[in-house]
Amino acid sequence: MNAAATISYVPVVLIGGYLLLLLGLGLVSQRFFRGTSADYFLVSRSVGPFLLLMSIFGTTMTGFAMVGSSGKAYSDGIGVYGLMASWSGLIHSGVFFLVGIRLWAIGKRYGYVTQCAFFRDRFESPTLGYLLFPVLVLLVIPYLLVGVISAGKFLQSATAGTFPELFALTIKAADGAVRAHPLSGGIPPWLGSGIICLIVLGYVFFGGLRGAVWANTFQTIVFLCAGVVAFWMISDRLGGMAEATRRAAESAFGGPRLAREGMIGHLQFLSYCLIPLSVGMFPHLFQHWLTARNAKSFRLTVVAHPIFIMLVWVPCILIGLWATGHQGEGVNPNAVLGRMVNQLVHSPVLTGIVAAGVLAAIMSSLDSQFMCLGTMFTEDIIVRRFGRERFSDRQEVLLARGFIVAIVAITYFLALYLKDTAHVFDLGVWCFSGFAGLFPLIVAALYWRRATKAGMITGLAATAASWLMLFWHDIFAPGKKAGGDELLVAGMMPVVFIVAASAAGVIVGSLLSRPPSQATVDKFFPAPAAAK
Amino acid sequence: MNLKRHSAAGRRLIWFLAAALFVLHHDFWWWSDRSLVFGFLPVGLAYHAAFSAAAALLWLAANRFAWPDELEAWADQAPAETRQPVTHG
């Protein structure tokens with residue numbers, strides 16, 4: 001049989017069709033655009049319970065959840081679920097409940113769009129707003145990198161063999177012979193990542209946050225369904241779930257990964273509890289919270305979020321575990337899911353659907369992150385600096401779009417540089433650790449009347465300094481390998497020290513300085529009568 | 001126990017349950033156990049999947065007993081002095 005005759009372009013066509021469908025969704029959502037910046041940035045605060053759940057969940061689950069979790073389970077075993085997923089189920093919803101609803105109330109009452117504006121007014125300090133902006137942008141970039149690297153790597157794995165002449169890759173074997181690389185013929189990461197960036201840019205440009213909310217809802221449904229299909233197909237091809245687990249358990253590489261002994265330390269496992277606190281300071285989640293029609297819209301999100309996490313993570317962890325038996329040792333963790341899909345889901349149609357589902361998970365976070373960066377730049381820098389009256393709504397939207405393009409370009413080139421050295425899971429954890437470091441700031445701003453501007457600035461500086469030092473040491477250190485061991489300090493995740501430094505900065509800085517005026521404090525704390 | 005909705009007792013119950021779940025997360029008793037549940041699910045993974053379901057039940061109870069109705073009412077009140085809404089940007 002001619003090799004070319006065995007190539008199926010169906011998955012690529014399905015992926016392409018799905019991407020075009022998303023662009024179409026952006027175009028349709030544009031028809032509902034009311035022409036105001038409030039509508040472009042906050043969907044006119046009109047989002048109900050179902051769309052809020054789907055958009056928040058879709059935003060929270062990224063390449064980290066699917067590509068990262070399966071790769072990390074392949075490296076470190078089933079304990080990865082306890083590290084991230086079960087902690088997140090408990091803590092994410094707690095943060096939505098205690099921080100999200102309160103911020104929604106303050107945002108609605110005073111018309112806030114961004115975190116910087118809230119902090120600026122809460123502490124009577126324009127300087128705090130300007131200081132917070134670059135920190136938030138710098139922390140979102142690793143999150144964007146997670147998505148862009150995951151998309152490129154996954155597309156290459158999922159389309160391997162489709163374009164054997166156009167994207168040929170070879171490797172030199174130990175015996176000196178040159179052979180085709182397992183990923184030969186796949187869409188290379190520079191192209192795959194670029195396509196995904198352009199598609200997300202497209203529907204965000206057309207539809208603003210409404211486009212992102214609609215696309216997130218659609219994509220969350222797609223990746224939940226595709227996950228079920230992928231899981232069923234992969235387990236079926238491996239001889240059933242019991243057989244797949246048995247093969248992993250009996251392999252020298254996979255056996256130890258059925259438990260946590262020797263894979264994950266006790267203090268490491270415990271200290272991961274601080275990482276999900278990051279959702280309290282994600283600027284893109286802040287923006288999604290503000291889209292809620294009313295506080296009751298949060299009820300469904302708070303309850304269903306842990307269940308949805310379980311539905312996505314359990315299959316991914318099992319696929320990563322099964323890969324230990326099927327693929328053996330030595331696979332790049334970022335490519336585990338793509339290789340399992342490519343090698344085991346032999347139906348071209350199902351391969352295409354599954355690939356679209358994984359890309360859906362990745363893109364449903366990228367869109368909100370792109371949007372929040374554009375919103376922050378427009379609201380916190382341009383409008384703040386030059387005055388709102390200076391710009392029409394249309395000009396504000398154009399400015400947001402321009403900044404989004406610049407950030408996407410920077411992220412894209414960084415992703416190309418880091419794609420072979422940065423581990424998607426570790427990069428995600430670093431991003432979350434930075435945002436978790438800012439959590440004491442938002443808690444103090446919402447619940448501590450005595451918190452001050454100096455406390456916020458000290459906490460911010462402590463977070464930035466500790467995060468930068470530890471991140472640089474872990475990610476950019478010479479000789480760092482993808483999937484290498486995580487940086488642990490005294491057996492604990494660095495997030496412990498980042499959060500501790502931040503909290504100490506907030507507390508000490510606040511106690512040593514004067515609080516904002518009583519009128520300002522009263523503005524942000526419901527009076528006891530209202531709280532009964 | 002007769003829990004009135006949004007009562008202080010309800011909130012205390014939610015805090016207590018959240019703290020209990022926090023402690024139960026650290027299942028050291030299954031740390032090195034490789035046995036399987038339903039023939040395919042490692043017990044450490046099965047436990048934490050069940051933990052996720054328990055977390056959902058906790059937040060369902062929080063909706064029932066500790067929902068901050070007062071915040072919604074506060075958000076809807078027109079403040080005497082407000083920041084310029086972005087809709088008039």
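Points worth noting:
- Comparison of B:66, B:55, B:20 shows that the only residue that is more than 7 Å from chain A (Cβ to nearest Cβ) and closer than 21 Å to residue A:269 by Cβ is B:20.
- Qualifying positions in region B:1-25 - at pLDDT 95 or above and not in a helix (DSSP H, G or I): B:25
- Per this entry, residue A:55 is not counted among residues that are surrounded by 24 or more Cβ atoms within 10 Å (Cβ to Cβ), at the interface with chain B (Cβ under 10 Å from one of its Cβ atoms) and under 16 Å from the mean Cα position of the chain (by Cα).
- Criterion: touching a helix residue (DSSP H, G or I) at 6+ places or on another chain (Cβ under 6 Å), surrounded by 24 or more Cβ atoms within 10 Å (Cβ to Cβ) and assigned to a helix (DSSP H, G or I) - qualifying residue of A:314, A:336: A:336
- Test: residue in region A:195-207 that is of a type in the set (Ser, Thr, Tyr), part of a helix (DSSP H, G or I) and within 30 Å of residue A:278 (Cα to Cα): yes
- From A:253, A:218, residue being in contact (Cβ under 8 Å) with a residue 40 or more places away in the chain and under 16 Å from residue A:73 (Cα atoms): A:253
- Of all residues in region B:55-69, those that are in a helix (DSSP H, G or I) and either among the polar types (S, T, N, Q) or buried (at least 18 other Cβ atoms within 10 Å of the Cβ) (or both) total 7.
For (1) assigned to a helix (DSSP H, G or I); (2) modelled with pLDDT under 85; (3) of a type in the set (A, V, I, L, M), each residue gets a yes or a no:
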site: A:4; (1), (2), (3): yes, yes, yes
site: A:15; (1), (2), (3): yes, no, yes
site: A:26; (1), (2), (3): yes, yes, no
site: A:32; (1), (2), (3): no, yes, no
site: A:39; (1), (2), (3): yes, yes, no
site: A:44; (1), (2), (3): yes, yes, no
site: A:52; (1), (2), (3): yes, no, yes
site: A:68; (1), (2), (3): yes, yes, no
site: A:74; (1), (2), (3): yes, no, no
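- All conditions but one from (1) of a type in the set (Val, Ile, Thr); (2) out of contact with any Lys or Arg (no Cβ under 9 Å at 6 or more places or on another chain); (3) more than 14 Å from chain B (Cβ to nearest Cβ) apply to residue A:264; the one that does not is (3).
- Pairs, first within 8 Å of chain A (Cβ to nearest Cβ) and over 21 Å from residue A:243 (Cα atoms) in region B:27-50, second part of a helix (DSSP H, G or I) and of a type in the set (Val, Ile, Thr), C-beta under 8 Å, six or more apart: B:30/B:43
- Only one of the numbered conditions (1) touching a helix residue (DSSP H, G or I) at 6+ places or on another chain (Cβ under 7 Å); (2) part of a helix (DSSP H, G or I) is violated by residue A:253, and that is (2).
- If you go through region A:306-346 and pick out every residue that is in contact with a Pro (Cβ under 8 Å, 6 or more places away or on another chain) and over 30 Å from residue B:55 (Cα atoms), you end up with 1.
- Qualifying positions in region A:109-136 - among the hydroxyl-bearing types (Ser, Thr, Tyr) and either buried (at least 20 other Cβ atoms within 10 Å of the Cβ) or in a helix (DSSP H, G or I) (or both): A:110, A:112, A:114, A:127, A:130
- Any hit, region A:262-270, residues being over 30 Å from residue A:22 (Cα atoms), in a loop (DSSP other than H, G, I, E, B), modelled with pLDDT of 85 or more and of a type in the set (A, V, I, L, M, F, W, C): yes
- Top-ranked residue in region A:273-305 [being basic (Lys, Arg) and part of a helix (DSSP H, G or I); ranked as surrounded by the fewest Cβ atoms within 10 Å (Cβ to Cβ)]: A:296
- Residue A:411 surrounded by fewer than 20 Cβ atoms within 10 Å (Cβ to Cβ) and under 20 Å from the mean Cα position of the chain (by Cα): no
- Close pairs from region A:280-301: first without any contact (Cβ under 8 Å) to a residue 60 or more places away in the chain, partner surrounded by fewer than 24 Cβ atoms within 10 Å (Cβ to Cβ) and acidic (Asp, Glu), Cβ under 7 Å, at least 6 apart: A:294/B:72
The values are calculated or read from the model by the stated rules, or taken from the named source; none is laboratory data. These numbers come from a predicted model, not from an experiment. Neighbour counts are summed over all protein chains in view; Cβ atoms, including those assigned to glycine, are modelled from backbone coordinates with ideal geometry.
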